[in-house]
1. Give me the percent of DSSP beta bridges within the chain that run antiparallel, rounded to the nearest 5.
2. I need the calculated FRET efficiency for the pair residue 41 and residue 78, taking r as the beta carbon distance and R₀ as 22 Å, to the nearest 0.05.
3. Using a basic spin-label model with each label point 7 Å from the Cα along Cα→Cβ, how many nm lie between residue 227 and residue 267?
4. Roughly how tilted is helix 66-80, in degrees to the nearest 10 and between 0 and 90, from the longest Cα axis of the chain?
5. On a full-extension model of 0.36 nm per residue, what is the gain between residue 279 and residue 181, subtracting their alpha-carbon distance, rounded to one decimal in nm?
6. Taking 7 Å along the Cα-to-C-beta vector as the label spot, tell me the residue 215-residue 258 distance in nanometres, rounded to one decimal.
7. Based on alpha-carbon centroids, what's the gap between region 253-313 and region 52-95 in Å, whole number please?
8. I need the peptides 269-277, 24-32, 173-181 ranked by packing, meaning the mean over residues of other C-beta atoms within 10 angstrom, with the highest value on top.
């Protein structure tokens, strides 16, 4: 999730780093951020130029009505063609010192439901973003909004089980991504493909991916290979998970080697990151590799400490 304060200097480098989706702030309250035009236009165009799915998000304010704010977001989503990811409601309080009134906690649930239902009326699958505390209080999985995509922020740990189900986890606000000039970048991990809209079609439940297994991989200072068993589905993927600290990065990186992935017919399915020009093998935060159609993969690595790999089916 990128804000207007971040400058992308090389979108291809962003993609090569393993970024598979982007959300851009397009609207705020009853209009555009700071009342200006084209705030997110360059970011949307840049992501689309290298084939990264991109969507827009809206920062909720106490006024005007949730329906009016949803209309503002959808107008910009359509104008910019930011339809690669679902339109997302950012439901949080204003930064300290902003002078803007917050939506009272007692109104947040109703606001979110009305906003998301309005997005659905426009023919888009709706999404909502909030922090772990708000998710525990509001339980977005119990909103009753059809096909709602849920995105929860909790840094340094998974969302609390009391927050309910979620599709995306924002695990740090202090990451770094090659090609982005900023003091920090928000980093996220998706556990389903629900955030991908297929071009902004009417809401439909997509075949979701799920966590099949989490394996602990032993430390090895020499290049070592482990075999991973995958589902063979189109959503098959692995997520390499160094043991990150509170800022979402690690001082003990995993050094990435080859990934040799194969289908049921013993034909290679691609996905070897070392074949990507400019690929950085030093993995300091969670990194996802899509391996559609793979039933097994030989994963090469070296690492001074043990780490984890999620197998996604």
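Rule-based calculations on the coordinates, nothing more; no lab input. Note that the structure is a prediction, hence the values are computed from the model and not measured. Glycine also receives a Cβ, built like all others from the backbone with ideal geometry; neighbour counts cover every protein chain displayed.
1. Details: 42 of 63 bridges.
Here the antiparallel bridges make up roughly 65 percent for the chain.
2. Working: r = 13 Å, r/R0 = 0.59.
For residue 41 and residue 78, the calculated efficiency is 0.95.
3. 2.2
4. On a 0 to 90 degree scale, this one is about 50.
5. Details: separation 98, 0.36 × 98 = 35.28 nm, distance 1.81 nm.
Once the chain is fully extended between residue 279 and residue 181, it gains 33.5 nm.
6. 1.7
7. If we compute the Cα centre of each part, the gap is 34 Å.
8. Details: 269-277: 14.6, 24-32: 21.2, 173-181: 17.0.
Highest-to-lowest ranking by the protection proxy: 24-32, 173-181, 269-277.
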